[in-house]
Amino acid sequence: MSDAHPDNQPDANAKVPRHVAIIMDGNGRWAERRHMPRFAGHKAGVDAVRRVVEVAGKRGIEVLTLFAFSSENWRRPKKEVGLLMDLFMVALEREVRRLNKNNVRLRIIGNIAGFSEKLQKRIHKAQQLTAGNTGLVLVVAANYGGRWDITQAARQLARRVEAGEIRADDIDAEMMDSCMCLHDLPEPDLFIRSGGEMRISNFLLWQLAYCEMYFTDILWPDFNEGVIDDALESFSRRQRRFGRTGQQVEQGGKAGGAEGDDDA
Ligand code: IPE
Ligand code: IPE
Ligand code: MG
């Protein structure tokens, strides 16, 4: 595995995840159950984001990645997509000041070029404002798709081959990884999906290779400190083996490194 970012190698024995990635699902159903328009659920979802960011900081999580809008969500009714974009604009303006005050560094991942000029500008401004912060890294995945991420990485490498900088045979997983979103951050340790569905929905396909999965029926607007703590507790009880045996893991060590001191 990669030696390029040794500090970003997952620690098989860590009890607290360094990086938590969440699919925030269930806003629409939350609203429908209350006989409210779906948009009311999205609005309530922003409050849940605020709560979760706060808890993540308190629990010593280093990176929190939230799936806000997928590359497939454009398929929704025009009106819902429009309202989501408006909400994104407002939240960026309103929440960023608070994030900055709390020393949070904001990063947006995804195909930003798919958004309006105005929204793109606001995204850049928000990232710039918080770039120097040293606390929690909050990654928001917007117009993001795992397949898009892998495809754009492949395209970057193909360009380097075309330019004669590398040969096709030089390409390995480490080089691919260096072109993917989040390559400079610890890889996700814990994945949480609210809303009851048990699927990845084109989220971080590459990066979740060895992530621990946690699913809850709680709808996103109801997500709170207790749910995060249940997920963290579940994580702390798991043994992450990364292909090794349980015994090897008990003897300690990181995900990468030398293999096979064998008494098999
Ligand atoms: C997640 O909630 C938010 C987005 C995808 C933007 P949903 O809107 O998918 O809520 P449900 O799944 O319909 O309840
Ligand atoms: C995944 O939720 C995307 C986000 C939460 C942003 P969806 O609600 O879009 O997922 P599917 O369509 O049910 O798989
Ligand atoms: Mg959904």
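The values are calculated or read from the model by the stated rules, or taken from the named source; none is laboratory data. Only a predicted model underlies this, so the values are computations on that prediction, with no experimental measurement involved. In this analysis, Cβ positions are derived from the backbone assuming ideal geometry, glycine residues included, and neighbour counts consider all displayed protein chains. Heavy atoms of the whole protein, side chains included, go into the accessibility calculation; ligands, DNA and RNA do not. Shrake-Rupley method; radii C 1.70, N 1.55, O 1.52, S 1.80 Å.
Conditions tested, residue by residue: (1) modelled with pLDDT of 95 or more; (2) within 16 Å of ligand 3 (Cβ to nearest atom); (3) surrounded by fewer than 14 Cβ atoms within 10 Å (Cβ to Cβ).
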{"site": "1", "(1), (2), (3)": "no, no, no"}
{"site": "13", "(1), (2), (3)": "no, no, yes"}
{"site": "31", "(1), (2), (3)": "yes, yes, no"}
{"site": "38", "(1), (2), (3)": "yes, yes, no"}
{"site": "60", "(1), (2), (3)": "yes, no, yes"}
{"site": "67", "(1), (2), (3)": "yes, yes, no"}
{"site": "80", "(1), (2), (3)": "yes, yes, no"}
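Can you say whether residue 51 is in contact (Cβ under 8 Å) with a residue 12 or more places away in the chain, open to solvent by 80 Å² or more (accessible area, probe 1.4 Å), part of a helix (DSSP H, G or I) and under 18 Å from residue 134 (Cα atoms), as far as the supplied structure shows? No. Scanning the stretch 137-169 for residues that are open to solvent by 30 Å² or more (accessible area, probe 1.4 Å) and touching a strand residue (DSSP E or B) at 6+ places or on another chain (Cβ under 7 Å) yields nothing. Residue 228 meets each of the listed conditions (1) more than 14 Å from ligand 2 (Cβ to nearest atom); (2) of a type outside the set (S, T, N, Q); (3) open to solvent by 10 Å² or more (accessible area, probe 1.4 Å) apart from (3). Scanning the stretch 54-93 for residues that are among the charged types (D, E, K, R) and closer than 27 Å to residue 229 by Cβ gives 54, 58, 59, 62. Considered as a group, the residues in the stretch 82-103 that are part of a helix (DSSP H, G or I) and within 13 Å of residue 138 (Cα to Cα) include one that is most open to solvent (accessible area, probe 1.4 Å), and that residue is 98.
Restricted to the stretch 15-29, and to residues there that are surrounded by 21 or more Cβ atoms within 10 Å (Cβ to Cβ) and closer than 16 Å to residue 234 by Cα, the residue that is nearest to ligand 2 (Cβ to nearest atom) is 22. Among the residues making up the stretch 111-136, a single one is in contact with an Asp or Glu (Cβ under 9 Å, 6 or more places away or on another chain) and open to solvent by less than 10 Å² (accessible area, probe 1.4 Å): 126.
Checking each residue in the stretch 178-206 for being in contact with a His (Cβ under 9 Å, 6 or more places away or on another chain) and buried (at least 20 other Cβ atoms within 10 Å of the Cβ) picks out 182, 187, 188, 189, 190. The conditions of being under 17 Å from the mean Cα position of the chain (by Cα) and among the β-branched types (Val, Ile, Thr) are not met by residue 218.
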